[in-house]
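> Below: one structure in structure tokens.
The values are calculated or read from the model by the stated rules, or taken from the named source; none is laboratory data. Computed from a predicted model, the values in this text were never measured in an experiment. All Cβ positions, glycine included, derive from the backbone under ideal geometry; neighbour counts span all protein chains shown. SASA here: full protein model, heavy atoms, side chains in, ligands and nucleic acids out. Shrake-Rupley method; radii C 1.70, N 1.55, O 1.52, S 1.80 Å.
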Amino acid sequence: MRRLDHPQLRRGALLMADAAAVNLAWAGAWWLRYGMGIGGPVAAHIAYGTYAPWGLVLTGLVLVAFQLEGLYARGRRESLPEALYAVATGTIVGATLFTVLLYSVRPIAQSRLMLGYAGGLIIVAVGLVRWVDILLRRRRIRLGIGVRQVLVIGAGEVGRRVMRNIMARPELGYRIVGFLDDDPAKRVQPIGRFAPLGGTDALGVVLRQRTIDEVIITLPWQTRTRIMSLVEVCEQAGAGVSVVPDLFQMSLNRVDLASLGGIPLIAVRAPVIRGWPYQIKRGLDIGLAAALLLLFSPLLGLVALLVRLESRGEVLFRQSRVGRDGRLFTCFKFRSMVDGADAERERLRPHSDVDGPIFKMREDPRITRVGRVIRRYSIDELPQLFNVLRGDMSLVGPRPPMPTEVNAYAEWHRRRLDIAPGLTGLWQVSGRSDLTFDEMVMLDLFYAENWSLFLDLKILLRTVPTVLRGTGAY
């Protein structure tokens with residue numbers, strides 16, 4: 001099945017589709033300017049046959065610019081925004097070169113407006129080609145076609161960063177088979193669903209016994225001799241190999257490159273969600289939380305009444321949670337369990353359906369009838385909008401943990417406390433309670449390292465269908 005997604009075949013198909021799109025855009029620009037007369041009267045009507053050869057020249061220049069932008073690079077699996085950015089940049093470069101060439105040959109007979117129309121139409125037409133390609137690729141990936149089997153070498157911070165990036169972006173079409181590491185402690189414990197397959201000396205055996213398309217090496221820079229020997233093993237086995245520079249264990253989105261009189265400098269930035277980005281995020285939190293409270297106020301009143309009528313106890317459940325930088329705050333939820341349910345937690349802990357510090361049961365006997373409904377659709381968490389207004393939480397961020405959970409964290413788990421917890425988050429829209437604890441933390445750290453307003457908006461939009469389906473909620 002993998003042959004159906006052959007990289008050379010796909011690149012060739014994209015090249016032909018892009019060429020057709022550029023020529024179609026060139027013809028469309030002629031029609032807008034001379035066929036419809038958009039932009040005012042023209043001095044003379046020029047037949048398209050005169051322009052057609054120049055369309056082939058423009059196509060060649062734009063395709064070369066696309067090649068320089070890496071749009072046909074082997075293994076490139078960009079998102080739609082990345083593709084559109086590369087298409088727009090390549091189009092501007094190609095169209096600029098074309099304009100210089102065109103006016104150096106015949107400067108009088110050409111319409112400048114037509115060149116502008118052509119540039120805009122090329123971006124739209126090629127962008128549509130890329131959009132269709134991404135949709136088809138994601139469909140193939142869901143069907144298991146073209147998925148690349150990946151082996152990660154190194155289970156340190158850089159290795160886990162690779163794993164969480166692959167987890168957070170399933171549309172890239174990578175599936176982690178497992179990992180290798182020479183640390184005996186790391187070879188015992190799986191990381192989420194990613195199984196340890198031995199030390200680095202087992203690479204040759206793993207490549208022979210399993211179908212591995214690509215090996216990603218994430219070992220520290222001090223082991224460069226070992227890295228080169230592992231690369232040689234991969235090449236002999238015919239497996240693709242990539243090496244991730246650990247850059248002193250820093251995330252690349254926290255690095256600025258500069259120079260001091262020709263001396264290269266690596267400057268380390270503060271975590272992303274600090275300073276003015278945090279202020280923007282906070283302002284959006286306040287505005288949206290206030291609007292949602294107003295919108296859902298009738299529902300909040302109805303749920304409060306139903307909770308009060310079904311069982312004795314407070315309508316709101318208050319619990320101490322750990323927020324940003326380890327600060328404690330009181331988290332609000334609608335009570336979905338019988339009064340005094342917390343006292344039964346330790347007795348039921350052996351029956352938890354989630355590994356790690358989190359306690360969750362699919363068939364928790366403490367949940368009330370109303371509670372089961374409001375938990376399934378996350379209605380019980382709506383009072384946390386008040387926590388958002390108070391600044392304890394954000395609309396988007398990691399799940400707020402309990403102090404007992406934090407006490408059981410491994411050292412790398414604690415990095416999720418660097419940002420404010422959220423009402424929803426990346427792991428909630430990627431499987432919710434069906435994920436392992438390590439996978440939840442990896443997605444939280446991916447969010448912290450790659451935060452943007454666009455990512456927040458994407459998560460909020462994905463939250464709606466996830467909540468309505470009740471996926472993974474219990």
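> At 0.36 nm per residue, minus the direct Cα-Cα distance, what do VAL464 and ASN407 gain on full extension? Give it in nm, one decimal, please.
Working it through step by step, the gained length comes to 17.3 nm.
> What accessible area per residue comes out for the stretch 386-441, rounded to a whole number of Å², with a 1.4 Å probe?
Per residue, the stretch 386-441 has 31 Å² of solvent-accessible surface.
> Skipping prolines and chain starts, which residues have an amide H placed within reach, meaning under 5 Å, of the one on SER394, given they are 5 or more residues away or on another chain?
The answer is GLY422, LEU423.
> If you don't mind, there's one more thing I want to ask. Once the Cβ-Cβ distance between MET16 and GLN236 is put in as r, and R0 is 45 Å, what FRET efficiency do you end up with, to the nearest 0.05?
Calculated transfer efficiency: 0.80.
> Of the listed peptides 322-330, 291-299, 274-282, 161-169, what is their order by residue-averaged count of other C-beta atoms within 10 Å, with the highest listed first?
The most tightly packed comes first, giving 161-169, 322-330, 274-282, 291-299.
> Where does each of 61-69, 363-371 land if you order them by average Cβ count within 10 Å, highest first?
Taking the mean over residues of other Cβ atoms within 10 Å, the ranking is 61-69, 363-371.
> If I ignore ligands, DNA and RNA and count only protein heavy atoms, how much of TYR409 is accessible to a 1.4 Å probe, in Å² to the nearest 10?
20
> Determine, from the Cβ-Cβ distance of LEU309 and ARG175 and an R0 of 56 Å, the FRET efficiency 1/(1 + (r/R0)^6), rounded to the nearest 0.05.
0.70
> A further question follows. For the stretch 67-225, take N as its residue count and report Rg(C-alpha) divided by 2.2 N^0.38 Å.
Against the empirical 2.2 N^0.38 Å value, I get 1.49 for the stretch 67-225.
> So what's the net charge close to LEU389: Lys and Arg +1, Asp and Glu -1, counting the other residues with Cβ under 11 Å from its Cβ?
Around LEU389, the charge tally is 0.
> What FRET efficiency do you get for TYR103 and GLN189 if R0 is 56 Å and r is their Cβ-Cβ distance, rounded to the nearest 0.05?
0.25
> Let me ask something else. With a 1.4 Å probe and all protein chains kept in place, how do SER378, SER104, SER430 rank by accessible area, largest first?
Largest accessible area first, the list is SER104, SER430, SER378.
> So, with a 1.4 angstrom probe, what is the percent of accessible area on the stretch 64-217 that is carbon and sulfur?
Taking all protein chains in place, the stretch 64-217 shows 61 percent carbon and sulfur surface.
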